[in-house]
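Notes follow the structure.
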Amino acid sequence: AFVARHGRRILRQRFGPEFDRLSRLLEESERWTREELRAYQESRLRDIVAHAYDTVPYYRDLFDRLRLKPTDIRSIEDLAKRPPMTRGEVAANAARLVSNAFDRKTLQSGLTSGTSSSPLKVYWDRSICLMNNACYMRARRWAGAPLGTRYALIGGRSLVPLNQKRPPFEGDGNIPLEP
(Lines give C-alpha, C1' and ligand atoms only; values in the text may rest on other atoms or scores of the structure.)
Protein backbone atom coordinates (compact mmCIF):
# COMPACT_ATOMS: atom_id res chain seq x y z
CA ALA A 1 0.00 0.00 0.00
CA PHE A 2 2.86 2.37 0.86
CA VAL A 3 4.58 1.72 -2.48
CA ALA A 4 1.32 2.23 -4.39
CA ARG A 5 0.64 5.50 -2.55
CA HIS A 6 4.20 6.67 -3.25
CA GLY A 7 3.76 5.77 -6.93
CA ARG A 8 0.53 7.79 -7.16
CA ARG A 9 2.29 10.76 -5.54
CA ILE A 10 5.07 10.59 -8.14
CA LEU A 11 2.50 10.37 -10.97
CA ARG A 12 0.68 13.47 -9.66
CA GLN A 13 4.02 15.26 -9.31
CA ARG A 14 5.22 14.42 -12.84
CA PHE A 15 2.02 14.39 -14.91
CA GLY A 16 -1.38 16.03 -15.12
CA PRO A 17 -3.00 18.96 -16.94
CA GLU A 18 0.06 21.23 -16.61
CA PHE A 19 2.33 18.48 -17.98
CA ASP A 20 -0.06 18.12 -20.93
CA ARG A 21 0.00 21.89 -21.54
CA LEU A 22 3.80 22.01 -21.42
CA SER A 23 4.07 18.99 -23.74
CA ARG A 24 1.81 20.73 -26.28
CA LEU A 25 3.90 23.91 -26.01
CA LEU A 26 7.09 21.94 -26.67
CA GLU A 27 5.51 20.18 -29.65
CA GLU A 28 4.25 23.48 -31.10
CA SER A 29 7.57 25.23 -30.55
CA GLU A 30 9.28 22.68 -32.80
CA ARG A 31 7.46 24.30 -35.72
CA TRP A 32 8.14 27.92 -34.77
CA THR A 33 10.29 30.07 -37.00
CA ARG A 34 13.63 31.27 -35.66
CA GLU A 35 12.07 34.71 -35.08
CA GLU A 36 9.07 33.27 -33.21
CA LEU A 37 11.35 31.15 -31.02
CA ARG A 38 13.60 34.12 -30.23
CA ALA A 39 10.59 36.32 -29.38
CA TYR A 40 9.30 33.63 -26.99
CA GLN A 41 12.73 33.19 -25.39
CA GLU A 42 13.16 36.91 -24.83
CA SER A 43 9.65 37.30 -23.45
CA ARG A 44 10.33 34.51 -20.94
CA LEU A 45 13.77 36.01 -20.18
CA ARG A 46 12.18 39.35 -19.24
CA ASP A 47 9.66 37.55 -17.00
CA ILE A 48 12.39 35.54 -15.28
CA VAL A 49 14.66 38.55 -14.74
CA ALA A 50 11.79 40.56 -13.23
CA HIS A 51 10.84 37.62 -11.00
CA ALA A 52 14.47 37.14 -9.90
CA TYR A 53 14.89 40.83 -9.06
CA ASP A 54 11.60 40.97 -7.14
CA THR A 55 11.92 37.71 -5.19
CA VAL A 56 15.53 36.46 -5.06
CA PRO A 57 17.77 38.36 -2.59
CA TYR A 58 21.00 37.46 -4.41
CA TYR A 59 19.80 38.88 -7.74
CA ARG A 60 18.30 42.02 -6.21
CA ASP A 61 21.65 42.78 -4.53
CA LEU A 62 23.60 41.95 -7.70
CA PHE A 63 21.45 44.19 -9.90
CA ASP A 64 21.56 47.01 -7.37
CA ARG A 65 25.35 46.70 -7.05
CA LEU A 66 25.71 46.78 -10.87
CA ARG A 67 23.16 49.62 -11.10
CA LEU A 68 20.97 47.50 -13.39
CA LYS A 69 17.20 47.46 -13.53
CA PRO A 70 15.29 44.37 -14.68
CA THR A 71 14.18 46.36 -17.73
CA ASP A 72 17.87 46.65 -18.76
CA ILE A 73 17.75 42.95 -19.68
CA ARG A 74 15.49 42.78 -22.73
CA SER A 75 17.36 40.38 -25.00
CA ILE A 76 19.73 37.45 -24.84
CA GLU A 77 22.64 39.78 -25.65
CA ASP A 78 21.78 41.92 -22.62
CA LEU A 79 22.73 39.02 -20.33
CA ALA A 80 26.36 40.08 -20.88
CA LYS A 81 25.61 43.10 -18.69
CA ARG A 82 25.93 40.86 -15.65
CA PRO A 83 28.91 38.63 -14.89
CA PRO A 84 28.54 34.87 -15.18
CA MET A 85 27.98 33.15 -11.90
CA THR A 86 30.73 30.90 -10.60
CA ARG A 87 30.26 27.57 -8.92
CA GLY A 88 31.68 29.08 -5.73
CA GLU A 89 29.13 31.90 -5.79
CA VAL A 90 26.30 29.40 -6.12
CA ALA A 91 27.60 27.35 -3.19
CA ALA A 92 28.26 30.42 -1.01
CA ASN A 93 24.85 31.99 -1.72
CA ALA A 94 22.62 28.91 -1.81
CA ALA A 95 20.02 30.26 0.62
CA ARG A 96 19.96 33.71 -1.00
CA LEU A 97 19.35 32.17 -4.44
CA VAL A 98 15.97 30.73 -3.44
CA SER A 99 12.97 32.85 -4.42
CA ASN A 100 10.93 34.09 -1.49
CA ALA A 101 7.82 33.68 -3.67
CA PHE A 102 7.79 30.01 -2.64
CA ASP A 103 7.23 28.30 0.67
CA ARG A 104 10.57 26.53 1.16
CA LYS A 105 8.73 23.52 2.59
CA THR A 106 7.13 22.91 -0.81
CA LEU A 107 10.43 22.96 -2.72
CA GLN A 108 12.31 19.83 -3.63
CA SER A 109 16.05 19.65 -3.32
CA GLY A 110 18.56 17.72 -5.31
CA LEU A 111 22.18 17.65 -6.27
CA THR A 112 23.94 18.48 -9.51
CA SER A 113 25.95 15.64 -10.98
CA GLY A 114 29.20 17.02 -9.59
CA THR A 115 31.09 16.00 -12.72
CA SER A 116 33.23 19.15 -12.65
CA SER A 117 33.64 19.27 -8.87
CA SER A 118 31.61 18.32 -5.83
CA PRO A 119 27.82 18.37 -6.30
CA LEU A 120 25.84 21.53 -5.59
CA LYS A 121 22.50 21.48 -3.80
CA VAL A 122 19.71 23.01 -5.88
CA TYR A 123 16.00 23.60 -5.27
CA TRP A 124 13.02 23.48 -7.60
CA ASP A 125 9.25 23.69 -7.45
CA ARG A 126 6.60 21.50 -9.05
CA SER A 127 6.50 23.58 -12.26
CA ILE A 128 10.20 22.85 -12.88
CA CYS A 129 9.61 19.15 -12.24
CA LEU A 130 6.78 19.20 -14.80
CA MET A 131 8.83 21.07 -17.42
CA ASN A 132 11.84 18.79 -16.95
CA ASN A 133 9.57 15.78 -17.31
CA ALA A 134 7.88 17.21 -20.42
CA CYS A 135 11.33 17.83 -22.00
CA TYR A 136 12.49 14.36 -21.07
CA MET A 137 9.36 12.76 -22.55
CA ARG A 138 9.73 14.85 -25.71
CA ALA A 139 13.30 13.55 -26.14
CA ARG A 140 12.05 9.99 -25.66
CA ARG A 141 9.38 10.52 -28.35
CA TRP A 142 12.11 11.78 -30.71
CA ALA A 143 13.97 8.54 -30.02
CA GLY A 144 10.85 6.52 -30.91
CA ALA A 145 9.86 5.66 -27.33
CA PRO A 146 6.51 7.36 -26.59
CA LEU A 147 4.95 7.65 -23.14
CA GLY A 148 4.19 4.19 -21.80
CA THR A 149 7.15 2.48 -23.45
CA ARG A 150 9.16 0.46 -20.94
CA TYR A 151 12.78 1.49 -20.46
CA ALA A 152 15.70 1.18 -18.09
CA LEU A 153 17.45 4.13 -16.50
CA ILE A 154 20.94 4.11 -15.04
CA GLY A 155 21.70 6.87 -12.55
CA GLY A 156 23.51 7.65 -9.36
CA ARG A 157 22.37 8.69 -5.93
CA SER A 158 24.24 10.30 -3.07
CA LEU A 159 24.63 7.79 -0.26
CA VAL A 160 25.91 10.08 2.47
CA PRO A 161 25.34 13.75 3.30
CA LEU A 162 27.59 16.12 1.35
CA ASN A 163 29.17 17.52 4.51
CA GLN A 164 30.09 14.10 5.91
CA LYS A 165 33.88 13.83 6.04
CA ARG A 166 34.22 10.14 6.92
CA PRO A 167 33.50 7.25 4.57
CA PRO A 168 30.09 5.64 5.00
CA PHE A 169 31.66 2.32 6.06
CA GLU A 170 34.00 1.60 8.94
CA GLY A 171 37.36 -0.12 8.58
CA ASP A 172 38.96 -0.29 5.15
CA GLY A 173 35.89 0.98 3.30
CA ASN A 174 34.84 -2.43 1.98
CA ILE A 175 31.39 -3.76 2.62
CA PRO A 176 31.72 -6.95 4.69
CA LEU A 177 30.22 -10.03 3.07
CA GLU A 178 27.67 -11.86 5.18
CA PRO A 179 27.93 -15.69 5.20
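The values are calculated or read from the model by the stated rules, or taken from the named source; none is laboratory data. Quick caveat: nothing in here was measured; it's all calculated off a predicted structure. In this analysis, Cβ positions are derived from the backbone assuming ideal geometry, glycine residues included, and neighbour counts consider all displayed protein chains. Accessible surface is based on the protein model in full, side chains and every heavy atom, while ligands, DNA and RNA are left aside. Shrake-Rupley method; radii C 1.70, N 1.55, O 1.52, S 1.80 Å.
Some points to look at:
- Whole-angstrom gap from segment 60-86 to segment 1-41, using each part's C-alpha centre: 29 Å
- Cα Rg, Dmax (largest Cα-Cα span) when computed across segment 1-104, Å: 18.2, 56
- Cα-derived Rg over Rh, computed across the chain with Rh taken as Kirkwood radius: 1.03
- Estimated dipole of segment 17-101 in Debye, rounded to 20 [Cβ of Lys and Arg +1, of Asp and Glu -1, Cα centre]: 380 debye
- Solvent-accessible area per residue, Å², over segment 48-152 with all protein chains present [probe radius 1.4 Å]: 66 Å²
- Helical runs assigned H by DSSP (4 residues or longer) give the chain a calculated mean residue ellipticity at 222 nm of -14500 deg cm²/dmol, each run adding -39500 (n - 2.57) before division by the residue total.
- Note on R8 and L153: the model spin-label points, each 7 Å out from Cα along the C-beta direction, lie 2.1 nm apart.
- Potential extension, Y136-E36 segment - 0.36 nm per residue separation minus Cα distance: 33.7 nm
- Neighbourhood net charge (11 Å Cβ-Cβ; Lys/Arg +1, Asp/Glu -1) for S75: 0
- Label point distance in nm, F15-S99, each placed 7 Å from Cα along Cα→Cβ: 2.6 nm
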